[in-house]
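Some notes on the structure that comes next.
The values are calculated or read from the model by the stated rules, or taken from the named source; none is laboratory data. Keep in mind that what you see is a predicted model, and the values were worked out from it rather than measured. In this analysis, Cβ positions are derived from the backbone assuming ideal geometry, glycine residues included, and neighbour counts consider all displayed protein chains. Quick note on the areas: whole protein, heavy atoms, side chains included, nothing else; ligands and nucleic acids left out. Shrake-Rupley method; radii C 1.70, N 1.55, O 1.52, S 1.80 Å.
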Amino acid sequence: MSRRNVRSVDPLSRPRLRVVRGEAPEPTEAPPERSDATDVLAGTLIDAFGDRVLFLFHRRLAGQTGDLPIIAVTAAGVHLVEPRSYPGKKVRASRDGSTFVIGGVRHTRIAEQMQQHAEALQATVSTGPIADATVHTSYCFVDGDLPLRPLEVAGVRVLSVRSTLRRLRAGGSLDERQVEALHRDLSRRLVRS
């Protein structure tokens with residue numbers, strides 16, 4: 001009997017690999033970047049209002065996490081607008097109205113986050129130059145299938161872009177100097193995120 005060498009292998013047990021050299025794939029165009037809902041809405045708002053409404057974008061309170069995406073200061077007060085985008089998805093409220101149901105999935109964190117942001121902004125405004133200025137909160141869906149009837153989630157209105165524009169155009173009791181003072185105070189106290 002002959003002793004098998006460790007290196008010898010049965011030729012049938014090893015598959016034969018064949019290397020095929022192909023051409024390098026042609027570079028394709030990068031997929032278009034999906035724009036952020038805040039950036040889309042910000043562009044629309046700036047185009048619609050110019051300098052008639054004073055805005056702050058992507059701000060937060062010092063020492064806190066969480067982005068306050070769009071703050072608008074108008075004669076009606078301070079508006080906290082939370083832009084959202086869910087293309088092709090049905091946007092509804094849960095039966096008790098406490099949370100979003102988007103595309104059949106419950107999103108509890110959205111309403112919780114808005115509540116925290118609204119409370120923080122209200123506290124900031126109440127210690128500023130116009131302590132009694134009203135703080136309005138709303139969601140603005142840039143993309144998504146909103147119902148035809150008015151929608152509220154946890155007491156906060158859910159609006160389309162058109163409805164958001166209408167809301168920011170509404171008059172109020174603050175004059176131009178008060179609006180500027182309020183905007184200046186918020187821009188100093190809310191840091192960029």
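In the stretch 155-193, which residue that is open to solvent by 50 Å² or more (accessible area, probe 1.4 Å) and under 18 Å from the mean Cα position of the chain (by Cα) is farthest from residue 128 (Cα to Cα)?
Ranking the qualifying residues of the stretch 155-193, first place goes to 162.
Mind checking which residues of the stretch 66-82 are within 12 Å of the chain's Cα centre (by Cα) and open to solvent by 10 Å² or more (accessible area, probe 1.4 Å)?
Result: 66, 67, 82.
Give the residues of the stretch 110-134 that are open to solvent by less than 30 Å² (accessible area, probe 1.4 Å), of a type outside the set (Val, Ile, Thr) and not in a helix (DSSP H, G or I), sorted by residue number.
Correct list: 128, 133.
Evaluate the following for residue 137: is it in a strand (DSSP E or B), out of contact with any His (no Cβ under 7 Å at 6 or more places or on another chain) and within 18 Å of residue 41 (Cβ to Cβ)?
yes
Just to be sure, is residue 148 out of contact with any Ser or Thr (no Cβ under 8 Å at 6 or more places or on another chain) and more than 28 Å from residue 46 (Cβ to Cβ)?
Against the criterion (out of contact with any Ser or Thr (no Cβ under 8 Å at 6 or more places or on another chain) and more than 28 Å from residue 46 (Cβ to Cβ)), residue 148 qualifies.
Conditions first: (1) surrounded by fewer than 19 Cβ atoms within 10 Å (Cβ to Cβ); (2) more than 20 Å from residue 183 (Cβ to Cβ). Residue 141 passes all but one, so which condition is the exception?
(1) is the only condition that residue 141 fails.
Identify, from the list 107, 58, the residue that is in contact with a strand residue (DSSP E or B) (Cβ under 8 Å, 6 or more places away or on another chain), touching a residue at least 60 places away in the same chain (Cβ under 8 Å) and either open to solvent by 50 Å² or more (accessible area, probe 1.4 Å) or over 27 Å from residue 178 (Cβ atoms) (or both).
After applying the criteria, what remains is 58.
For residue 148, which of the numbered conditions (1) among the hydrophobic types (A, V, I, L, M, F, W, C); (2) loosely packed, with under 14 Cβ neighbours inside 10 Å; (3) assigned to a helix (DSSP H, G or I) fails to hold?
With respect to (1) among the hydrophobic types (A, V, I, L, M, F, W, C); (2) loosely packed, with under 14 Cβ neighbours inside 10 Å; (3) assigned to a helix (DSSP H, G or I), residue 148 is out only on (3).
Taking the stretch 149-168 on its own, how many of its residues are free of Cβ contacts under 8 Å to residues at least 24 places away in the same chain and more than 17 Å from residue 94 (Cα to Cα)?
4
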